[in-house]
1. Quick one: is residue 228 among the aromatic types (Phe, Trp, Tyr), in contact (Cβ under 8 Å) with a residue 24 or more places away in the chain and surrounded by fewer than 19 Cβ atoms within 10 Å (Cβ to Cβ)?
2. Here is a check on your reading of the model: is residue 250 open to solvent by less than 10 Å² (accessible area, probe 1.4 Å), at pLDDT 95 or above and out of contact with any Lys or Arg (no Cβ under 7 Å at 6 or more places or on another chain)?
3. Would you confirm, using the coordinates I've provided, whether residue 155 is within 13 Å of the ligand (Cβ to nearest atom) and either surrounded by 23 or more Cβ atoms within 10 Å (Cβ to Cβ) or part of a strand (DSSP E or B) (or both)?
4. For segment 112-122, which residues satisfy the criterion of being part of a strand (DSSP E or B) and within 16 Å of the ligand (Cβ to nearest atom)?
5. Residues of segment 92-105 being aliphatic (A, V, I, L, M) and open to solvent by 40 Å² or more (accessible area, probe 1.4 Å), which ones?
6. Suppose we filter 45, 36 for residues that are farther than 30 Å from residue 86 by Cβ, within 16 Å of the ligand (Cβ to nearest atom) and either open to solvent by less than 70 Å² (accessible area, probe 1.4 Å) or in contact (Cβ under 8 Å) with a residue 40 or more places away in the chain (or both); which single one remains?
7. Select from segment 6-41 the residues that are over 21 Å from residue 57 (Cα atoms), modelled with pLDDT of 95 or more and assigned to a loop (DSSP other than H, G, I, E, B) and list them in ascending order.
Amino acid sequence: MIGTAPNGFRASITGIGSYVPDRVLTNAELSTMVDTSDEWIIERTGIRERRIAAPEQALSDLCRPAIEQALAQAGVEPASIDLLIVATVTPDMSFPSTGAILADELGMPDAGAYDLSAGCTGFMYALVQAYGMMAAGLSQRALVAGGDVLSKIMDWTDRTTCVLFGDGAGAVVLDRVDRGGFLGFELGADGSGGPQLYMPAGGSRMPATAETVAERKHFAQMNGREVFKFATRVLVSSALAILEKCGRSIDDVDVYIPHQANVRIIDHAVGKLGISTDKVVVNVDRFGNTSSGSIPLALAEADASGRLREGDIVLMTGMGAGLTWGSALMEWSSK
Ligand code: ACO
């Protein structure tokens, strides 16, 4: 799917928030848990540390402060939100949705609220969906949260996955604006690559049994090399597709926010796209891959450090389980 903003319709991000748990898990500590080393993790991934949720913290506990911050920054009341989408693969539970739980806790009685699953691309998918509902006139003001508590579905005995991921959440308020805003979106999915990154059990294909638990099938499993090849390819192709659709070039981009999975994947895309490194937002070194939390966390950091100025062209691209990918191009505008 690819498209540009409908004529005359402008919506943008008017508030951003983020939250990460306090607990820091360093590479040195990980090296005491599995057969790995600080050097290996830094060289292959660029990750130095990640945040880990407390045992009692579920996804909604991470999203709530992020959403409250986004609402405060936008200067709007929770009750004015009529659509809440939570992008995640680690909801509080299968049902009810974390969206419905949060809408109740935060006081959004008029909001349609639900969860959306698109792996690490979840935030991009949710952004497009919320924008589309606003453009269609169905929603007046939407809130999109993206977050994951991947530590709860990691196999902490598997060094090929557990070193890569972390916990975190981010949220944005989408509102109509007078200038700028989203210019276009691209989304894609290739389900044939699904088995490259998946959690085999716990769904209707393989319900939970004592055997599935014993066989560690409720943990994420990944073919790292195949996902690496996929990620490097789509990070570039999706960005180029949306730029072309919007009649822009990579030189027009002021801020580039790629999914934070691995510094090598980001470096590859930066090289292929030919974008200067000072335009690239990178925080994977401190948070690891937070899946649906990754892009909004990076966006919140970029905003907090003054890197997002009115009129800037901002490019975001995510990719992940599905396999899925998605890009958004926008002219930064908060009014
Ligand atoms: N510590 C030490 N050694 C390790 C570790 C570890 N944590 N993990 C794997 N190794 C070993 C392997 O066993 C292998 O040993 P062998 O040669 O004796 O068999 C060796 O290191 C090399 O393994 P590779 O898999 O070839 O290492 P590679 O350079 O490909 O890096 C990595 C592995 C980091 C997982 C890489 O493939 C990658 O980043 N893939 C993408 C993963 C990813 O980002 N997934 C999520 C993106 S999509 C989304 O966000 C959902």
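1. yes
2. For residue 250, the condition - open to solvent by less than 10 Å² (accessible area, probe 1.4 Å), at pLDDT 95 or above and out of contact with any Lys or Arg (no Cβ under 7 Å at 6 or more places or on another chain) - is not met.
3. no
4. Filtering segment 112-122 down to residues part of a strand (DSSP E or B) leaves 112-116, 118, 120.
116, 118, 120 - these are the residues of segment 112-122 that are part of a strand (DSSP E or B) and within 16 Å of the ligand (Cβ to nearest atom).
5. Start the filter on segment 92-105 by keeping residues that are aliphatic (A, V, I, L, M), which leaves 93, 100-103.
Selection gives 93, 100.
6. Exactly one of 45, 36 is farther than 30 Å from residue 86 by Cβ, within 16 Å of the ligand (Cβ to nearest atom) and either open to solvent by less than 70 Å² (accessible area, probe 1.4 Å) or in contact (Cβ under 8 Å) with a residue 40 or more places away in the chain (or both), namely 36.
7. Answer for segment 6-41, where residues must be over 21 Å from residue 57 (Cα atoms), modelled with pLDDT of 95 or more and assigned to a loop (DSSP other than H, G, I, E, B): 9, 10, 31, 32, 33, 34, 35, 36, 37.
Yes/no per residue for (1) small (Gly, Ala, Ser); (2) near the ligand (Cβ under 9 Å from one of its atoms); (3) more than 30 Å from residue 161 (Cβ to Cβ); (4) assigned to a loop (DSSP other than H, G, I, E, B):
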residue: 303; (1), (2), (3), (4): no, no, yes, no
residue: 310; (1), (2), (3), (4): no, no, yes, yes
residue: 317; (1), (2), (3), (4): no, no, no, no
residue: 325; (1), (2), (3), (4): no, no, no, no
residue: 330; (1), (2), (3), (4): no, no, yes, no
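The values are calculated or read from the model by the stated rules, or taken from the named source; none is laboratory data. In this text the structure is predicted, and so the values were computed from the model without any measurement. A quick note on method: Cβ atoms are made from the backbone with ideal geometry, for glycine too, and the neighbour counts reach across all protein chains shown. For accessibility, only protein heavy atoms count, side chains too; no ligands or nucleic acids. Shrake-Rupley method; radii C 1.70, N 1.55, O 1.52, S 1.80 Å.
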